[in-house]
Amino acid sequence: MTDLARIGAIAVLLALTSNAGAQYLGNYSANRYDPNSTGNRFGAGNPYNPNSINNPYGQYGSPYGNRSANNPYATDAPKLYDNDGNYRGRLSSNPYDPDSVSNPYGRYGSPYSPDSINNKFGAGNPYSPDSPTNPYGQGLRIQGGDDD
């Protein structure tokens with residue numbers, strides 16, 4: 001194996017393991033019928049699921065946990081990604097976190113930013129299949145627990 005091939009193999013291995021600590025939590029979606037949707041109370045949105053953002057006693061749904069989407073002071077909230085793997089911010093109620101979808105002045109929370117799920121003409125377009133506001137779409141993938 002040449003040095004170039006080894007470097008390529010190492011790069012592929014690093015890319016595959018870069019999200020090794022991340023945990024899939026479902027899709028941030030208004031779809032009540034998709035089992036992976038947080039809008040489905042019998043699927044990923046089940047309040048009894050320990051990893052659900054809707055579980056008030058779980059690490060991702062508690063109003064006190066640092067990894068929680070519902071803690072207004074959380075700094076390690078779950079991350080959102082679209083179907084193409086583009087980062088769409090943190091699913092956080094923290095209005096001061098620059099990456100939070102709840103920061104009205106940030107890139108991912110402003111109603112005027114094209115990257116924001118709060119912009120109905122941008123990433124929050126209700127007709128886009130990966131928009132969290134589309135009641136029949138897939139929504140955004142939620143990744144939690146990564147230690148980056």
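What to note about this one:
- Comparison of ASN36, ASN27, ASN70 shows that the only residue that is modelled with pLDDT of 95 or more, surrounded by 14 or more Cβ atoms within 10 Å (Cβ to Cβ), farther than 23 Å from ASP99 by Cα and polar (S, T, N, Q) is ASN36.
- Subset of region 107-123 (residues that are under 16 Å from the mean Cα position of the chain (by Cα) and not hydroxyl-bearing (Ser, Thr, Tyr)): ARG107, GLY109, ASP115, ILE117, ASN118, ALA123
- Filter pass, PRO47 being within 18 Å of ASN83 (Cβ to Cβ), modelled with pLDDT of 95 or more and assigned to a loop (DSSP other than H, G, I, E, B): no
- Given (1) under 25 Å from ASN51 (Cβ atoms); (2) surrounded by fewer than 22 Cβ atoms within 10 Å (Cβ to Cβ); (3) among the charged types (D, E, K, R); (4) modelled with pLDDT of 95 or more, index of the condition ARG107 fails: (1)
- Close Cβ contacts (under 9 Å, 6 or more residues apart or on different chains) running from residues in region 91-108 that are under 18 Å from TYR28 (Cβ atoms) to residues that are assigned to a loop (DSSP other than H, G, I, E, B) and of a type in the set (Lys, Arg) comprise ASP99/ARG107.
The values are calculated or read from the model by the stated rules, or taken from the named source; none is laboratory data. From a predicted model like this one, the values you see are computed outputs, not experimental measurements. Every residue, glycine as well, gets a Cβ built from its backbone with ideal geometry; the counts of neighbours run over all protein chains shown.
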